[in-house]
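Worksheet: one structure, shown below.
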Amino acid sequence: MASSSIFGLCGALLIGMGLYGFITHPHLLRRLLAFNVIGSGIFLLFGATAARLPSAATDPVPQALIITGIVVALAATALGVGLVLAYARVTGRTTLPEDGAPTDPGKPPR
Amino acid sequence: MSVSLAIVALVTAPLVAALIAVILPRWGPWLSLLVVAGNAAALVVLIPAIVSQGALTLPIGGWQAPLGITLRADGMALAFLTMAALVMAAVLVSARPEFGGGGEVTETRRQWAFWPLALLLWSALNVVFLSRDLFNLYVALELLTVSAVALVAIDGKADGLGAALRYLMFALLGSLAYLLGAALLYAQHGTLDIALLADQAIGGRAAVDMMAVGLMTAGLAAKTALFPFHAWLQPAHSGAPAPASAMLSALVPKASFAILIRIWFEALPGLATPPLLVTLGAMGAIAIVYGSVLALRQTRLKLMIAYSTVAQIGYLFLIFPLAGGDSYMQPWAAGAWTGVMFHALSHGLAKASMFLCAGLWIVAAGSDRIEAMRGLASATPMIASAFALAAVTLVGLPPSGGFTAKYLMLTSAFVSGQYVWAAVLLIGGLLSAAYLYRPLAVAFARDGDAVFKPVPRLAQAMPLMLALAAILLGLASQGPFALMQIGRPSSAEAGLQ
Amino acid sequence: MSATLPILILLTSLVPAFITFFLPQERHSVRNLLNLGGAVLKLGLIVFMILEVVQGTIYETRISFAPGLYLLLRVDALSLLFVSLSALLWLLTTIYAIAYLGNKPEMSRFFGFFSLCVAATTGIALSGTLISFFIFFELLTLSTWPLVVHKQNAKSIAAGRSYLAYALPASAVLLIAIIWLESSVGPVEFATPANLERLDDNSLRMIFALFIAGLGVKAALVPLHGWLPAAMAAPAPVSALLHAVAVVKAGAFGVMRIVLDVFGLERMETLGVGLPLAVLAAFTILWGSARALQQQEIKKRLAFSTVSQVSYIVLGVALASPFAVIGGLVHLVHQGLMKITLFFCAGIFDERAGITRVDALDGIGRQMPWTSVCFSIGAIGMVGLPPTAGFITKIYLGIGAMQADAPWVLAVLAVSTLLNAAYFLPLVYRIWFGDAPTPVPAGGGPTERPLGLIAPPVITAFASIAVALLAASSFSPLAWATLIATRDYLR
């Protein structure tokens, strides 16, 4: 098995685990962590695509994109953590109140 | 040269101003006005240039795709940019009293945070409308989401924070789905530039492409708040302060919708199959009916307007069955495509106007219950006129941009024999008339003893300006129609007969 | 000139409308000058245009919105009939409204929408395509609503609600009809016959029915008439506008356009839709009269009378025989003159003497002679007695019915005349021969001043007799209707 395939499979596994965590845990901080796990999986997968052409040299573009993506995810996480903290401080809760099904926005990424 | 400068200015001016406003908080309100002026100047340069020369492409720093990022100013981009500029101008001017443009000494966190966030949001919007790179679009979309979420939470109260968190959760999953889709597309094609993708993917319906585009569509639909993904919209839009709601409702969904259009009509038009198109259209149709019925049941003004947004977003997705896929070769596709664009533009103007009206009315009446608006029409005639004109546009009555949109969409639905969508359009129009009539009728009723806080004239004029712009879009629709044909995706080329 | 004149005619009411919106309440003289000036100017331009049209000038203006969506203003004989009627009556109603409303609040809003309403009516009259017609038709709906709810009390808000609840679904139906037709045959211009061959007969029948349903709300065809009696909550000048100048007339005019210019009389016959329409109109005539008989409020009685009278117009074109069409066309003018007289007078009775109910009319004739005379003339005209305008209409419709081989229509006309007499003549009797319940207070009786209040009904009452007496002259509405029918629509 080529190393790129192993990376790809690991990425898929991380995405699956993260998604499971995102859906099953109502705790907001856990959800943010789950979001980061999914993100890491996607980045890993993205990185694996750099080697999709065995003959040519490794494609540098995905690395640039991944770095940008990590920064974006970091920013979103920081905002999320800030909001969770403020929310916990104001309401004393760490989960969103249930009404409807806000946790499942449709098609799960596979 | 000046044209390239104008394109760059559209993207960078709000961004730079936002950063300065973080460092120098007092400058926020003034910097915003400067950006409004700069943006207007850039559009004044760009629009004639596009009209005379056609769509303009600008590889940033001279780096060509696939390595560099390309910005392209076509008719659709300019139409959205102009709409956003009008809405932002009105929002930034009306936000001055609430967020400390008046020179008051007390500086609070919300007054400090509003200006950079609004400017960041604007910058992200402009990038979304101009960019031709799917990853760049991702970054812009994230910037947009982050600033929008922060705007929802700006008051720091429990409701706002909860709404912001719910919005963030939806948006994060949406972004991940989009990102995964982009990664898959890159793996397949080695580029994320829309034009290059279109060249590569001609005719093919590879399974990977389908999966990638499916993921991206789901993610973008969640961010647009299309029907099953709408749960976050109503608390977020109704919980934010009125100027923020205006931006959130009028502009933010349009950004993710614009990316959807870029993907389905420009990057990979060959992927659309009739069942897919009908599914997207059906979700739109359900959104129209569901959102309208819920709007009808609300007793609070901002909630009603927020549900109305859920419904109005549904109309946007009728573009897929009416103009997408194989039907792009049909003569009606151009009409349908442009009709939906007209809807997006006039909804943006009218909905922003309506949220600004609601904000002023809530301040004047001291409550956001619709019943509390009794007698406000006589006290604030300009707001009442603005609300009424915005309602005319949203219902799609002539003469307004909403009517032009409805006419074009109805005609293509009839010509193509898709009567179901025509019925949805008409029922949606009647339902929106029903729910928008209530606050107007209440405001019109005379009530002797109600005492309202006075509303400054300038603040009243802003929503009226937006509503008039929405009407004007219908009265002078020839110009915008022609503009939007410039650089329109070749997949929707032939004219409407 | 020929391209700008229709626009100018529209602007004579649009410009005053927009300026009036921004005038402060206390600028009475500017507001009055603006509205009256606009009305006079419009009338002048129309007279000029009639003279030019007689010489063979064609007026046509196109404004394009989007491919397939354009506004066409085109002047033909039929539009001239309607536009000159509405311009004349608008001038009189403006004079009346200024005197009637005097110094009440929200005058700028009222006159702004009043002018907008007339601009929309003018647009309807001058429209050369279905979609232009639709746009102005909707503008009329929207600009009438603030007038209906003008008093802003619970009753008028309810009336406004009922008005929109009827009018907006109707507009959706009308839009379906237009787009269904145009998606098959292309944009329909009234001047050139549409190529209806592309649709099969059943589709055409459906489209015709949709058109009638969409227009029937404004034309107050039973069972779509419910909003009209409710709308009586509005001030008297608005009632005059609704019943005689704009709204109801626009509906009837629309039916004429559809029958005469879109489908054509022959096609209507071959499709077999003329008879059902005539039956519907006949039923509306009888139903409206019967309901009018039950009303004890003067304005409600007049409203149901309108329901009945407007259907004479529809009946005329539905019968499709030469005399019937002429009768229908001319009734557009006649009904307008007579009904506006009645509403002017009812408004004066209400405003000056506080009379709103039928039984309060007893003996008012001696106190308010001018108003009473005008009201009586209007009432007699509605019944159709000579020498009034109503008589001419009924004669033409009767002959037309015989030409169309529809003798049952004669029975309808006879019964309706009896009913008309039954609900109008008692009013006239009470006015002149009833006993005034209380002795007239010395010197303090109700006044019929200022002149602006009483002059308009006197003029319209006089006109409604004049058009009958001078029917044979070449300038009468009858002559004009005959010209329209024989030149443009009958072969």
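None of the figures in this text is laboratory data; all of them are computed from the coordinates on show. Remember, it's a predicted structure, so these values are computed and weren't measured experimentally. Note that we place each Cβ from the backbone using ideal geometry, even for glycine, and neighbour counts take in every protein chain shown.
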Between C:S64 and residues 5 or more places away or on another chain, which pairs have amide H atoms under 5 Å apart, with H built 1.01 Å from N, and which residues are they? C:L71
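Place the peptides C:404-410, B:149-155, C:78-84 in order of packing, highest mean first, counting for every residue the other Cβ atoms within 10 Å and averaging per peptide. Please list the in-between numbers first.
Numbers: C:404-410: 15.9, B:149-155: 24.3, C:78-84: 22.7.
Final packing ranking: B:149-155, C:78-84, C:404-410.
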Taking a straight Cα-to-Cα line shorter than 18 Å from B:K302, and setting aside same-chain lysines fewer than 8 residues away, one finds B:K157, B:K351
Measuring from label point to label point, each 7 Å out along Cα→Cβ, what is the C:V185 to C:A436 span in nm? 6.1 nm
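Could you state, as a whole-number percent, how many of the C-alpha pairs of the range A:3-91 are farther apart than 23 Å? Let's see the in-between values first.
Values: 1333 of 3916 pairs.
I get 34 percent for the Cα pairs in the range A:3-91 exceeding 23 Å.
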At R0 = 60 Å, how high is the FRET efficiency between C:L275 and B:S367 if r is their beta carbon distance? Nearest 0.05 is fine. 0.55
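Give, in nm to one decimal, the length gained when the segment between C:R198 and C:W370 is fully stretched (0.36 nm per residue of separation minus the Cα-Cα distance). Don't jump to the answer; show the numbers that get you there.
Numbers: separation 172, 0.36 × 172 = 61.92 nm, distance 5.80 nm.
Stretched fully, the C:R198-C:W370 segment lengthens by 56.1 nm.
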Hey, got the average number of other protein chain Cβ atoms within 10 angstrom for residues in C:109-115? 1
Indicate the helices, whole DSSP H runs only, in chain B that combine a mean Kyte-Doolittle hydropathy of 0.5 or more with a Cα extent along their long axis of 24 angstrom or more. B:2-23, B:28-53, B:75-98, B:109-130, B:134-152, B:158-189, B:207-224, B:274-297, B:333-365, B:419-444, B:457-475
Quick one: divide the alpha-carbon radius of gyration of the range C:293-491 by 2.2 N^0.38 Å and tell me what you get. 1.09
Cβ density ranking, 10 Å radius, fewest first, applied to C:E26, C:E60, B:E142 yields C:E26, C:E60, B:E142
Sorted by Cβ density within 10 Å, fewest first, the residues A:H27, B:H189, C:H243, B:H230: A:H27, B:H189, B:H230, C:H243
A:H25 and B:D199 label points (each 7 Å along its Cα→Cβ direction) are spaced in nm at 4.6 nm
Could you list the residues of the range C:458-483 with an amide nitrogen less than 20 Å from a label point located 7 Å from the Cα of C:M402 in the Cα-to-C-beta direction? C:472, C:482
Calculated Rg and Dmax of the range B:327-497 using C-alpha coordinates, Å: 18.4, 62
For C:V173, B:V289, which order do you get if you count the other beta carbons within 10 Å of each Cβ and list the fewest first? B:V289, C:V173
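If you take each beta carbon of peptide C:58-70 and count the beta carbons of other chains within 10 angstrom, what is the mean?
Working: counts 0, 0, 0, 0, 0, 3, 3, 12, 16, 12, 9, 12, 1.
Whole-number average of other-chain Cβ neighbours for C:58-70 is 5.
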Enter the mean number of other protein chain beta carbons within 10 Å of the beta carbon of each residue in B:332-338, as an integer. 1
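Over the Cα atoms of the protein assembly as shown, Rg to Rh with Kirkwood Rh, two decimal places? Write out the running numbers ahead of the final one.
On the way: Rg = 32.4 Å, Rh = 31.4 Å.
Expressed as Rg/Rh, it is 1.03.
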Cut-off 16 Å, label 7 Å out along Cα→Cβ of C:V54, residues of the range C:77-96 by amide N: C:77-78, C:80-81, C:84-85
Which value in nm describes the separation of the simple spin-label points at B:A158 and B:S4, placed 7 Å from the Cα toward the beta carbon? 5.6 nm
